[in-house]
1. From the phi of every residue in region 178-192, what ³J(HN,Hα) in whole Hz does the Karplus formula 6.51 cos²θ - 1.76 cosθ + 1.60 yield, where θ is phi - 60° and glycine or proline is x?
2. Name the residue, out of ALA71, ALA181, ALA26, whose mean-square fluctuation peaks in a Gaussian network model built on the chain with Cα pairs under 10 Å.
3. Any idea of the accessible area per residue across region 1-95, 1.4 Å probe, to the nearest Å²?
4. Give me the extension gain from GLU187 to ASN204: residue separation times 0.36 nm, minus the current Cα-Cα distance, reported in nm with one decimal.
5. Quantify, in whole percent, the carbon and sulfur part of the accessible surface of region 45-194 (1.4 Å probe; protein heavy atoms only).
6. Does region 101-175 come out rounded, prolate or oblate by the C-alpha gyration tensor, with a ≥ b ≥ c the root eigenvalues, rounded set by a/c under 1.5 and, if not, prolate when a/b is larger than b/c and oblate if not?
7. Of the listed values (i) 1.03; (ii) 0.99; (iii) 1.07, grab the one calculated as Rg/Rh (Cα atoms, Kirkwood Rh) from the structure here.
8. Tally Lys/Arg at +1 and Asp/Glu at -1 over every other residue whose Cβ is under 13 Å from the Cβ of VAL130; what's the total?
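The values are calculated or read from the model by the stated rules, or taken from the named source; none is laboratory data. Predicted model, so just to flag it, every value in this text is computed and none were measured. Here the Cβ positions follow ideal geometry from the backbone for every residue, glycine too, while neighbour counts run over all protein chains shown. Each accessible area value is taken on the protein alone, full model and side chains, heavy atoms only, with ligands, DNA and RNA left out. Shrake-Rupley method; radii C 1.70, N 1.55, O 1.52, S 1.80 Å.
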Amino acid sequence: IKTEYVTVVVPKGKRTTVQLSDGSVAWVNSGSKLTFPKNFEKNIRKIYLDGEIYIEVAKDEKRPFIVCTDAVEVNVLGTRFNVNAYRDEKICSVVLVEGSVETKSHKQKNILKPGQGYFNTDGNIMVKPVDTYSYTCWKDGRLKLMNEPFSDLLKRLSRYYDVEIHLDSELNNLRFEGNLALRDSIEDILQTLSISKEFAYVQND
């Protein structure tokens, strides 16, 4: 192995920031694994992701930057974007904030423009306009909810706070809009949600 690699594993309930050898900066979300070389090669910059990152890529036209995941490969020269590609989730997404990226998956290529999102649901691919901040605000300690299904929201909170949450099936149809401050405790967040939509919760252990 010519290049020495580093793997950063971020447990549930934690987040971290990594600066790569080219000056690019990646915010790594809870329950994610990011593998990258200590020093990039002369002609390419390639990293490997299982989980979610927001990354600001240092511009280098001579060395393309590639993010590799199980579901999609993202090719870029210099830009800011979010990649959500947890292996245990059905949906993989790439949301572009600035610049231009190319996604490759299932022999299909898509060029994203700023303000667009790429979504891959079990091989079904869609590109559409999005509110980019709702996908990137986790790095600022916030969640922006836009008609969020309760089950999806609780899955995100479970990973973010490293707690196990079980949802009564009768509440699956509840949806939420608004903003949550993730610096608050999980108890405070559930209390806020229960005021918005009437439900009760019980904490064990």
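1. Coupling constants for region 178-192: x, 10, 10, 8, 6, 6, 6, 6, 4, 5, 5, 5, 5, 4, 4 Hz.
2. It is ALA181.
3. Details: 4750 Å² over 95 residues.
With all protein chains present, region 1-95 gives 50 Å² per residue.
4. On the way: separation 17, 0.36 × 17 = 6.12 nm, distance 1.21 nm.
Gain on extension, GLU187 to ASN204, equals 4.9 nm.
5. On the way: 3360 of 7690 Å².
That share works out to 44 percent.
6. Working: a/c = 2.24, a/b = 1.70, b/c = 1.31.
Prolate is the answer for region 101-175, as a/c is 1.5 or above and a/b outweighs b/c.
7. Here Rg/Rh (Cα atoms, Kirkwood Rh) agrees with entry (ii).
8. Values: positive: LYS113, LYS128, LYS144; negative: ASP131.
Once positives and negatives cancel, what remains is +2.
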